[in-house]
């Protein structure tokens, strides 16, 4: 595993930084890589000592893969992970469709360390330290650290602290909906079972939630279940849901039958649909990744959007430092609205309609191999088509006619 050079926060300089980044997940590391590459003095802080565990589905879809390539991290992540040739979606009644592609999985404990190491390679300083509070104004930003070593100061600050929004408390900048949108649990299972596809299912065993099985490197599987708050009804206890998943859903049961061991289940909260905080949180302070609510509704996939939000934020900061000042930073929310918001609205529509068991069954039946609906789903997974187009009256009518004709 590639390990980043991480120093103690009490050893770093306190002044003179161009950018301070709180959080070294995908969003924070992506921003740090881009800005350090341009020659800016970047201090990236994280309260954890890397490598550190991160609860996630560990799936890197096409948008995440493209970001990794732009950041110079793809080859390292791929070498530590696994690429499967297809992803299958299973409806509540057992209907199944296959999506072809290159679906990369890699443990976040590994991928995040690789990204942080890339930031250091580009010239960023990576320090271990918890940011307890902050101040931001026209003169710059100040991060107060928990170790009592004194604040660090920079021209611009970035908040990339995941679902934790405590740094924004009392600043009047976080959205009203501060509750998480979804929660998931997962474990790793070592198994001799052979499976070379990612499975995402809304099987009866996990209703009203969803489950996943993602093959990893070295005979390991990421297996988990998730539940969006909007679907909390009936038995929504995730531990019981997971137990039903691994005993009643046949692919999961087969993996467990040949299991050589598993880790305990761990949970994580998700903020979806850009429901975290505003992109620009006052003067000289930007919010990225999960803190922004970058995880997609319905799918729970957020690595790609987190990486891209970091890249977009870095682009805006560079514009600001090149003489555009506030107008440069204002580019960031515009880019979020232009690039990220339409996708999130599309996935919000999918969550609204495809979360219905009947609608999900119908759509997966329409998306049989070789069909127009299957091709459209592949384009959505490749991020060359907005998911909202899947549910347009024209697309549904076209899919229905072709399904009736057997195409």
- Grab the Cα-Cα distance for residue 93 and residue 130, subtract it from 0.36 nm times how many residues apart they are, and report the gain in nm with one decimal. 8.6 nm
- Assuming a ≥ b ≥ c are the square roots of the Cα gyration tensor eigenvalues, decide whether segment 212-335 counts as rounded (a/c under 1.5), prolate (otherwise, with a/b larger than b/c) or oblate. prolate
- Query: How do 166, 375 line up, fewest other C-beta atoms within 10 Å first?
  - Reply: 166, 375
- First measure r as the distance between the Cβ atoms of residue 250 and residue 48, then evaluate 1/(1 + (r/R0)^6) with R0 = 30 Å and state the FRET efficiency to the nearest 0.05. 0.20
- Task: Working from Cα positions, state the angle (0 to 90°, nearest 10) between the long axis of helix 108-122 and the longest principal axis of the chain.
- Result: 40 degrees
- Note on the structure: Per the 1/(1 + (r/R0)^6) rule, R0 = 25 Å and r from the Cβ atoms of residue 79 and residue 149, FRET efficiency to 0.05 is 0.10
- the chain: antiparallel DSSP beta bridges as a percent of all, rounded to 5: 65 percent
- Query: Going by how many other beta carbons lie within 10 Å of each one, how would you line up 49, 88, 29, fewest first?
  - Reply: 49, 88, 29
- With springs only between Cα atoms under 10 Å apart, run a GNM on the chain and tell me which of 202, 121, 311 wobbles the most. 121
- Computed over the chain: longest principal axis from alpha-carbon atoms vs helix 303-319 long axis, angle to nearest 10 degrees, is 30 degrees
- Message: Based on alpha-carbon centroids, what's the gap between segment 261-334 and segment 110-126 in Å, whole number please?
- Response: 18 Å
- Task: Would you kindly state how much longer the chain becomes between residue 379 and residue 334 on full extension, computed as 0.36 nm times their sequence separation minus their alpha carbon distance, in nm to one decimal?
- Result: 13.7 nm
- Message: For the chain, set up a GNM with springs between Cα atoms under 10 Å and report which of 209, 140, 273 has the largest fluctuation.
- Response: 140
- Round to the nearest 10 and give me the degree value, 0 to 90, for the angle of helix 357-366's Cα axis relative to the longest principal axis of the chain. 80 degrees
- Separation of alpha-carbon centers, segment 181-225 and segment 6-45, rounded to whole Å: 34 Å
- Query: Highest GNM mean-square fluctuation, the chain, Cα pairs closer than 10 Å: which of 269, 359, 223?
  - Reply: 359
- Item | Förster radius 35 Å - calculated FRET efficiency between residue 139 and residue 243 (Cβ-Cβ, nearest 0.05) | 0.05
- Task: Report the paramagnetic label zone for residue 266: residues of segment 278-303 whose backbone N is under 18 Å from a point 7 Å from Cα along the Cα-to-Cβ axis.
- Result: 290, 302-303
- the chain - Debye-derived log10 I(q)/I(0), Cα point model, q = 0.09, 0.11, 0.13 Å⁻¹: -0.54, -0.79, -1.08
- Message: As a test of the formula, what do you get for the chain when each DSSP H run with n ≥ 4 contributes -39,500 (n - 2.57) and the sum is divided by the residue count, at 222 nm and rounded to the nearest 500 deg cm²/dmol?
- Response: -10000 deg cm²/dmol
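Any read-out appearing in this document is the output of simple, stated calculations on the displayed coordinates, not a laboratory observation. Model, not experiment: these values are computed from the prediction. Positions of Cβ are backbone-derived with ideal geometry, glycine not excepted, and every protein chain shown enters the neighbour counts.
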